[in-house]
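One structure is given below, encoded as structure tokens.
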Amino acid sequence: MKGPAFVYLARRNSDWAVKVGYAADPCLRIRLLGQQTPCELRKVYYAESRERAREIEAAAHLALEDCALGGEWFSAPLDSVVRVVGAIVSGRRPYREYAGRLLHVRRVAAARGHARFAADLLQ
């Protein structure tokens with residue numbers, strides 16, 4: 001893939017999990033992905049090259065690793081993932097702080113037995 005690429009965020013319809021991926025054509029990618037797992041495209045970031053898109057995706061996966069469900073899917077609120085990826089794209093380093101706060105909120109909710117609250121965080 002030559003030329004620009006895009007980092008995209010998609011949300012799975014079944015459980016609101018968020019996918020962080022990259023593609024030259026994110027709309028086509030989501031259409032193909034939707035054949036396996038119904039999901040919708042939620043946010044797209046421009047990257048000047050495939051290499052830069054891959055770097056952004058890898059940094060996001062690392063920052064969100066404590067919320068990983070497997071592959072490129074994460075159990076995290078969409079707005080939190082948007083903040084993490086936005087910080088990476090803009091070059092701000094505290095993106096791991098966003099991810100850390102997200103994990104803390106999820107752990108507190110689970111420890112207090114607020115299963116419904118924890119589930120609401122995924123929306």
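Restricting attention to the stretch 15-72, the residues that are more than 20 Å from ARG83 (Cβ to Cβ) and basic (Lys, Arg) add up to 4. For the stretch 59-81, a residue qualifies if it is farther than 19 Å from LEU33 by Cβ and either buried (at least 23 other Cβ atoms within 10 Å of the Cβ) or in contact with a Lys or Arg (Cβ under 6 Å, 6 or more places away or on another chain) (or both), and exactly one does: ALA63.
This table checks each residue for (1) small (Gly, Ala, Ser); (2) modelled with pLDDT of 90 or more.
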position: LEU28; (1), (2): no, yes
position: ALA47; (1), (2): yes, no
position: GLU57; (1), (2): no, yes
position: ALA76; (1), (2): yes, no
position: LEU102; (1), (2): no, no
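Reported count of residues in the stretch 54-68, each being of a type outside the set (A, V, I, L, M, F, W, C) and either over 20 Å from ASP25 (Cβ atoms) or without any contact (Cβ under 8 Å) to a residue 24 or more places away in the chain (or both), is 4. Number of residues in the stretch 27-53 that are under 14 Å from the mean Cα position of the chain (by Cα), more than 20 Å from ASP15 (Cα to Cα) and touching a residue at least 40 places away in the same chain (Cβ under 8 Å): the value is 2.
Looking only at the stretch 10-24, residues that are touching a Pro at 6+ places or on another chain (Cβ under 9 Å) and either among the basic types (Lys, Arg) or surrounded by fewer than 23 Cβ atoms within 10 Å (Cβ to Cβ) (or both) come to 5 in all.
The values are calculated or read from the model by the stated rules, or taken from the named source; none is laboratory data. As the structure is a prediction and not an experimental result, all values here were calculated from the model. We place every Cβ from the backbone using ideal geometry, glycine too, and count neighbours over all the protein chains shown.
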